[in-house]
1. Tell me, which strands (runs of 3 or more DSSP E) wholly within the stretch 1-69 include 2 or more residues that are touching a Leu at 6+ places or on another chain (Cβ under 9 Å) and modelled with pLDDT of 90 or more?
2. Against the conditions (1) surrounded by 14 or more Cβ atoms within 10 Å (Cβ to Cβ); (2) free of Cβ contacts under 8 Å to residues at least 40 places away in the same chain; (3) out of contact with any helix residue (DSSP H, G or I) (no Cβ under 9 Å at 6 or more places or on another chain); (4) not charged (D, E, K, R), where does VAL85 fall short? Just the number, please.
3. Test ARG60 against the stated conditions and say whether it is closer than 20 Å to GLU11 by Cα and among the basic types (Lys, Arg).
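The values are calculated or read from the model by the stated rules, or taken from the named source; none is laboratory data. The structure displayed is predicted, hence computed values, not measured ones. Using ideal geometry, Cβ is built from the backbone for each residue, glycine included, and neighbour counts are taken over all protein chains shown.
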Amino acid sequence: MISRNETNIRELIDENTHVMVQFGATWCAPCKQLKPKVEKISLESPDIVFAYIDVEESQRFSSESAVMSVPTVIAFRNSDEIGRVVGNSEDGVKGLVEKLRSA
């Protein structure tokens, strides 16, 4: 999983067909629990680019993405959001991966 900031996340989303972005924060325990699960899923999904954004460091992009709580994982296909999961749900992230592949 690639760590990004708001100056390069939009470029990553625009340059790749399938992108999953986890929004989190260093103070967020559920984010810390979800991150290794998302990293594992990313290793099983080489056709998708996975990125991590810290909401404290990337407040503008988080706001533009309407992220109201963390952790939030958003799936983008051709730069368009096709779904999101809010909370520490490995199954939710796996479902989002499947939705991304079938969209």
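1. Numbers: elements: 2-4, 18-24, 49-54.
Passing ranges, in order: 18-24, 49-54.
2. (3)
3. Values: closer than 20 Å to GLU11 by Cα: yes; among the basic types (Lys, Arg): yes.
Yes; evaluated as a whole, the condition is true for this residue.
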